[in-house]
Amino acid sequence: MQIIKREDIPEKRQVRLTIAVDRDTWQASLARCYQGVKSVCPVSGEPTRENIEKQYGAEFLYQEAVNDTYPAALVEAIGQSDIQIAGTPTLTVEEIGADGYTFAALIDLYPEVQLGQYKGLSAVYPEVELSSDDTEAALEEYARANPHVEHPDRAAMGDEVVLDFEGFVDGVAFEGGKGEQYPLLLGSGYFIPGFEEQVAGAAVGEERDVNVTFPTEYMPELAGKDAVFRIKVHQITRRSLPEWNDDFARQQGFADVSALRRAVMETAVQKKQAQAAEQFANDLIRQVTEAMTVTIPDAMVENQLDGLINELRGHLQAQGVSLEQYLEAGGTTMEQLRDHARQQATAAARYELAMTEIARREGIDITEADLDAKYQELSRQYDLSVELLRQQLPPLRLRHDLRLAAAQAVVVDSAKRK
């Protein structure tokens, strides 16, 4: 990688870097990309790189190779230029060929930040005590998290059933109407009206037909039509709240129900203590960001939005739902979702700018030893290898997060409780 040109645009707080990727790096990337596509690109004769390029053109692998090489080149160039970026740079490939390529990166710089007071602030620290309502809520939450589980022969509303199903309209199966080993909570209202009520009463191993009518506001090709779902029940699970007695306590690993109740109360107190500390810190940080003067670049807000959307996507995927399905179910577009989250993204950007400026003023630095210690802590916490954590949470990102956390600690630790 070589920086060919740097152009500063002070009136917009931007820098434009023109970066060259050398021949050796480029050819090594093209070779890697060839290995990735050779099995899926039909060609005459052997699928050699020469034959693939001959049939599809020499530039066939260029886009993949650019995507493979530019991130490292960009990070290195930014590091050499000693700049702080405020969002994802805009990239443009300027020249490309067998000997390498050059690209331009238009980079928004961190804006100038004028902070007000950030040390010696004061805020109300909520009192930590359990009310009778808190106690009952904690006991109920624990009971719901540790229910009595049984597997009855026949399903009833409120049970979870695992079933296969396939839907037919006029005897013809329709797209999206089939599922296998599908978990369904009867009474959740997740399926078409009338479906779940007809599953109730089915026995394990039973096959039956469920007759329903699609709502008129359903997808046009099925709206208002009668359908038959052929189902087979594989498993029935019934969960109910346990009785608070010594038997239940011993099942949870406690000597008796009194010991279990004490443990639940201790956890509830710890939770309230954490909530109080978080509320105290949030109040202080709000004072810092409200007293700050800054013009936030649009790119920085968009970058925060991307992070929020990706976080939502990850949560949904953990539940077996895609972001696209979530949007469709809510009748929402991606643009509407981003507009809805924009205020949160702006607040996140203000927080990052404030903490970054505090870290600069306080000379906060995160060493390699600090990073190693945090990776070890995360490894124990999530039972993942350090190597995998470094891939999922790169050192550059972790160092940034730790620096912001250290800056927040400066604000909180110097504050007074009202």
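The values are calculated or read from the model by the stated rules, or taken from the named source; none is laboratory data. Fair warning: this is a prediction, and the values are worked out from it, not measured in the lab. Glycine also receives a Cβ, built like all others from the backbone with ideal geometry; neighbour counts cover every protein chain displayed. These accessible areas exclude ligands, DNA and RNA; they are computed on the full protein's heavy atoms, side chains included. Shrake-Rupley method; radii C 1.70, N 1.55, O 1.52, S 1.80 Å.
Extent along the principal axes, Cα only, for region 234-342: 60, 48, 18 Å, with the longest axis given first.
Panel values: region 375-418, Kirkwood radius from alpha carbon pairs, Stokes-Einstein at 25 °C and 0.890 mPa s, translational diffusion coefficient 204 µm²/s.
Can you give the alpha-carbon Rg of region 81-161 over 2.2 N^0.38 Å, where N counts its residues?
Details: Rg = 29.9 Å, N = 81, 2.2 N^0.38 = 11.7 Å.
In units of the globular-protein estimate, region 81-161 measures up at 2.56.
A convex hull fitted around the alpha carbon atoms of region 6-62 yields 113 Å³ per residue.
Annotation: average projected area of region 182-265 is 8.6 square nanometres, based on the convex hull of Cα atoms across all directions.
Using bins of 10 Å that start at zero, the share of Cα-Cα pairs per bin across region 277-418 amounts to 10, 29, 35, 23, 4, in whole %. When only the Cβ of Lys, Arg, Asp and Glu is charged (+1, +1, -1, -1), the dipole of region 92-232 relative to its Cα centre reaches about 180 debye. Per residue, the Cα convex hull of the chain amounts to 249 Å³.
Cα extents for region 132-284 along the principal axes, largest to smallest and rounded to whole angstrom: 60, 46, 23.
Counting only protein heavy atoms and a 1.4 Å probe, region 166-234 has 59 square angstrom of accessible area per residue. The loop-placed trypsin sites (Lys or Arg not before Pro) in region 1-40, going by DSSP, that have at most 15 neighbouring Cβ atoms within 10 Å of their Cβ come out as K38.
Taken per residue, the accessible surface of region 346-418 reaches 60 Å², heavy atoms only and a 1.4 Å probe.
Principal axis extents of the Cα atoms in region 1-125, from largest to smallest and rounded to whole angstrom, are 75, 40, 20.
Average the reciprocal distances over every distinct pair of alpha-carbons in region 146-195, invert the result, and give the Kirkwood radius in Å. Kirkwood radius, region 146-195: 12.7 Å. Accessible surface for D339 stands near 100 Å², nearest 10, in the context of the full protein assembly shown (1.4 Å probe). Of the residues E221, E140, E368, the one that moves most in a GNM of the chain with alpha-carbon contacts below 10 Å is E221. Taking every lysine pair in the chain that is 8 or more places apart or spans two chains, those with Cα atoms closer than 16 Å amount to 4. With a 1.4 Å probe and every protein chain kept in, tell me what percent of the accessible surface of region 49-155 is carbon plus sulfur. The value for region 49-155 is 45 percent carbon and sulfur by accessible area. Candidate membrane-span-like segments in the chain, meaning DSSP H helices with Cα atoms spread over at least 15 Å of their own axis and a Kyte-Doolittle mean of 1.0 or above, do not occur, with no membrane implied either way.
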